[in-house]
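The block underneath contains the structure these notes are about, expressed in structure tokens.
The values are calculated or read from the model by the stated rules, or taken from the named source; none is laboratory data. Keep in mind that this is a model prediction, so the values were computed, not measured. Backbone-built Cβ (ideal geometry, glycine too); neighbour counts: all protein chains shown. Just the protein is used for accessible areas: all its heavy atoms, side chains included, with ligands, DNA and RNA removed. Shrake-Rupley method; radii C 1.70, N 1.55, O 1.52, S 1.80 Å.
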Amino acid sequence: MSVLVVGSIALDTVKTPVEEHADLLGGSASYAAVGASFFSPVNMVGVVGDDFPQAHLDYIKT
């Protein structure tokens, strides 16, 4: 049985005392889908804009 994940898909910025990374794949649907993919096939529903990086879309599709 597959899992349907519905939620936000976003770009996150992570800042620590040592370094900062911008435009990382984030959002609740992204995190839940990656976690669930270890146990079951996943389908994901979320909204992204035209400027969303293609590399992140390719990762989500695999």
Next on the checklist: As a test question: what accessible area, to the nearest 10 Å², does residue 25 have when a 1.4 Å probe is rolled over all protein chains in place?
Outcome noted: 40
Next on the checklist: Please list, in order, the residues from the stretch 34-62 whose amide nitrogen is less than 15 Å from a point placed 7 Å along the Cα→Cβ vector of residue 22.
Outcome noted: 53
Checklist entry - Ranked highest first by average number of other Cβ atoms within 10 Å, how do 43-53, 29-39 line up? => result 29-39, 43-53
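Just need the relative contact order of the chain here, percent rounded to a whole number, with Cα pairs under 8 Å and 6+ apart. Please list the in-between numbers first.
Details: 81 pairs, mean separation 24.0, N = 62.
About 39 percent, as a whole number.
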Checklist entry - Rounded to the nearest 5, what % of the DSSP beta bridges within the chain are antiparallel ones? => result 55
Item to check | Cβ-based charge dipole, the chain, positive-most Cα from 39, 49, 27 | outcome: 39
Checklist entry - In the chain, if every C-alpha pair distance is counted and binned at 5 Å from zero, what percent goes to each bin? => result 4, 17, 27, 23, 15, 10, 4, 1, 0
Item to check | Amide H contacts of residue 44 (H built 1.01 Å from N, under 5 Å, at least 5 apart or other chain) | outcome: 5
Checklist entry - Once amide H atoms are built 1.01 Å from N in the peptide plane, which residues 5 or more positions from residue 27, or in another chain, come under 5 Å H to H? => result 10
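Run lengths n ≥ 4 of DSSP H only: what is the helix-derived mean residue ellipticity at 222 nm for the chain, with -39500 (n - 2.57) per run over all residues, to the nearest 500?
-7500 deg cm²/dmol
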Checklist outcome for this item: Residue-ordered couplings for the stretch 42-48, obtained by feeding phi - 60° into the Karplus form 6.51 cos²θ - 1.76 cosθ + 1.60 and rounding to whole Hz (Gly and Pro as x), are 10, 10, 10, 10, x, 10, 9
